[in-house]
1. Enumerate the calculated ³J(HN,Hα) couplings along segment A:84-97 in order (Karplus 6.51 cos²θ - 1.76 cosθ + 1.60, θ = phi - 60°), each rounded to whole Hz, writing x wherever the residue is Gly or Pro.
2. How would you rank A:VAL255, A:VAL303, going from fewest to most other Cβ atoms within 10 Å of each one's own Cβ?
3. Using the Karplus curve 6.51 cos²θ - 1.76 cosθ + 1.60 with θ = phi - 60°, work out ³J(HN,Hα) for each residue of segment A:204-210 in order, rounded to whole Hz, and write x for Gly and Pro.
4. Rounded, prolate or oblate, given the Cα gyration tensor of segment A:129-260, with a/c below 1.5 counting as rounded?
5. Could you list A:THR89, A:THR287 in order of exposure, starting from the residue whose Cβ has the fewest other Cβ atoms within 10 Å?
6. Please say if chain A is rounded, prolate or oblate, where rounded means a/c under 1.5 for a ≥ b ≥ c the square roots of the C-alpha gyration tensor eigenvalues, and otherwise the choice is prolate for a/b larger than b/c and oblate otherwise?
7. Near the amide H of A:PHE80, under 5 Å away, which other amide H atoms are found, from residues 5 or more places off or on another chain, if H is placed in the peptide plane?
8. Compute the Cα gyration tensor for segment A:45-159, then decide on rounded, prolate or oblate, letting a ≥ b ≥ c be the square roots of its eigenvalues: rounded whenever a/c is under 1.5, prolate when a/b is larger than b/c in the other cases, and oblate in all that remain.
Amino acid sequence: MAQLTNAFEATGLRAKPGLMERIDLPRRVVFLAAASMIAIVALLLAFIFWQGIQLFVKDGQPIGAIFDSTWNPLADTPEFGILPFILGTLVVTAGALLISTPLSVGVALFLSEVAPNWAKSVVQPALEIFVGIPSVVWGWLGITVLVPWLSDTFPNKIAISMPLVGQVFSMPGFLTGFSWLAGSLVLSIMVLPTITSVSYDAFRAVPQELRTGSLALGTTRWQTIRHLLIPSALSGVLTAVVLGMTRAAGEALAVQMVIGNSPTLPAAITQPVTTLTSQITLDMGNTVFGEPWQDALWTMSLVLLIISVSSVVLVRLINKRRIGQ
Amino acid sequence: MTATARPAPGRSMAPRPSLRSKTSRGSILADRVATVALWATGMFVLVLLGSIIVHFAVAAWGVVSPSFLLSDPSGETLGGIMPVLWNSIYMLVLTMLIAVPVGILGGIYMSEYAPDNALTGAIRFAEESISSVPSIVVGLFGLILFVDNAHWGFTALAGALALTFFNLPLMTRLAEQALRAVPQDERSASLALGATKWQTIRHVVVPLAIPGLITGVILTAGRVFGEAAVLLFTSGLGTPPHYNFTNFDLTSPVSPWSPFRPATTLSVYIYKLNSEGLGAFKNQIVDGSAAVLISMVLLFNLGARFVGRLLTRRMTAS
C-alpha cells in the first residue's frame, strides 16, 4: 500500500494533500457534533450527582436516613425517607412489566411469525403511532376512562374465599380509582411498543433455516415458537424487557396523573402509591433552590439516573453474553 | 428447496392428515389456541388505537373549532389554546433548528468516519445513556444548568436546549441509519473519480440519504412536539399571556418571537390544567387539546411515511 502511494506520488498522479485537506475541517466538525453527546452525558451526570449528594453533604442527613419510610419535609425536624418512592417506582414498574411483557411478546410473535402482510402493514404503523402519543394524553385517558372505570367496577373489598380454608386473600376496593393498578395499566400500554419492537427484532434475527428445520421434523408452529424461537431469542427479549423497565421507571407525567400520589409504602394494587418521578414532578415547583426539601428531590433524581444508567450497562451485559456464546 | 416447501405465512403449520400420527392431538390443539391468542394480541393493538382515536374524536366534537385554535384562553367561556399552540410550534422550530444540524452532522461522523475504537464506543455509550435517562431528569438538568446556574429563568431557549439534549441521540441514530443505507458502490464510484471524502459525502452520500433523513427529522419532530416532562422546569408552566405578534423585539420577555421568555406548550398546558383542576370548561379544553395533539402525532407519522416514500420514488426514478 505504501509502495503504491509512493508510486503515485513519483508519477505525480496523486497530488500532495494541501493544507485544507490535511486539516480536514469537515471531519473535525462532524466529530464535534457526535462527541457533543459525550459532553452532554458527562455534564448531566456531574450536575445531577453534585445536586443529588447535597442532602448528605450540605444538609447533614445521614445516607441511611433516605431508606427510611417516613417522608415529612414540612415537619419541624423534617424527615426525608424516600423508601416509599423507590418502592413505589419498583412496584408500579413491576406491575406494568407483568402486564405488558406477555402482551408485547405476543404482538412481536404475531408480527414475526403469524401475521400475513396486510396485518403487518397495519399493526406496525399503529405501534409507531402509540410511541408518538404524548404521555400527558395517556395520563388524561387514564383519568377520564380508566380511573372511573376501576372505581365503578370494583368499589368494594375484593376477597377470595376457599371452602374449609376460609378467606385466603383480600384487599380493599378502589376508593377513587387512583391507584397502583391504574399506574401499572397506563404504563403497560406506554411500554408496549418498546418491548414489542425490540423483541420483534430478536425474533426476526433467528435464522429461517432453524424454523424450516424444526417444522420439517413435524413440529407445529407453536412448538417451534416455544422450543426454538423463544429460547434462541431470549437475550433479545430480555433486552426488550429491560428497556421497557427503564422507560416505565422514568415515565413521569402519565403516572403522576393516575397513581394518587400518597407517600406511603405500597399496600395493595387498589390503593394510591407514589413514585420517584411523580413526587419530583409535584414538588419541584413548590420548593426553593438550596433548601433540604429540594435537595431530597435531587437525591431522588440521582436514584432515577442510577437506575437508568445501570439498565444501559445491564443491556450491554446481556448482549455481550449472547455474542460470547 | 422449492417455493412450495414453505407454507404461506399466516397459515397454521399443522401437518397433513396422513402424517398426523406422529403429532398428538394435544399439540395440534395447542397450536390452534396459540394462533388464536397471537392474532388476538395483534388485533388488540388495532382495537385499542381505534378506540383511542374514536374516543378523542367524540370528546373533541363541538370543542375543536377554528376559534378554539385561534383564540386566547378565557376564564368564563371555553376560550382557546392559541398561545400554547403557538408555543408548541415555536419550541418545535427552535429545537429542530439546533437538533437537526447537530444530529445530521453527528450521524455523518458515525456513519462515514467513526473508526472502530474506544472513542466511538464512548459516543455510542453516551447515545444509549441519554436515550435511557428519564425525560424528567433531562428537564431537571436543564433547570440546574440554564435556569439556576446561568440565571436565564424559565425561557423558551432553555426548554429548546433541554429538548435538544433529549432528542439528539434519536436524531443522530436515525441520520446514521439513513446514511448507512446508501450503497457502498456510490461512495467507491465517487472516490474513483477523484473526489475527496468530504466531496463524496456532500455531493453523493447525503443527497442519496435525503428521504431517510427527512423521515428521521419528522419522527424526531413528532417526539419533540408532544414532550412535556422536559419542559415543566425549563420553559415553565405559567399561564400563557396574550401575545402581541407585532412585537418583534427578540429580547423582550413578552414578545411571542423571543426565545428569552417563558413558553408553556400544549402538552404542558394539559398537565397544568389537570393538576390545577380549575374552571368550568377544564375537561372540554383538555379533551380538545389532547385531540389536537393526537392529530399532530398522526400527521407527523403519516407525513414521515408519505414524504419518505414520495422522495424515494422521485429520486430512484430520475
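1. Result, ordered by residue: x, 6, 4, 5, x, 4, 5, 6, 5, 5, 4, x, 4, 5 Hz.
2. Details: A:VAL255 34, A:VAL303 18.
In increasing order of surrounding Cβ atoms, one gets A:VAL303, A:VAL255.
3. Karplus-based 3J(HN,Hα) across segment A:204-210 equals 5, 6, 6, x, 4, 4, 5 Hz.
4. Numbers: a/c = 3.27, a/b = 1.54, b/c = 2.12.
Oblate, because a/c is 1.5 or more while a/b does not exceed b/c.
5. Working: A:THR89 29, A:THR287 16.
Sorted ascending by nearby Cβ count, the order is A:THR287, A:THR89.
6. On the way: a/c = 2.52, a/b = 1.28, b/c = 1.97.
Oblate, because a/c is 1.5 or more while a/b does not exceed b/c.
7. For A:PHE80, whose amide H was placed from the backbone, the distant partners under 5 Å are A:ASN72.
8. Numbers: a/c = 2.81, a/b = 1.85, b/c = 1.52.
Since a/c reaches 1.5 and a/b is larger than b/c, the shape of segment A:45-159 is classed as prolate.
Readers should treat all values here as calculations from the given coordinates under stated rules, not as data from a laboratory. Not measured: the values here are computed from a predicted model. All Cβ positions, even for glycine, are placed from backbone atoms using ideal geometry, and neighbour counts span all protein chains on display.
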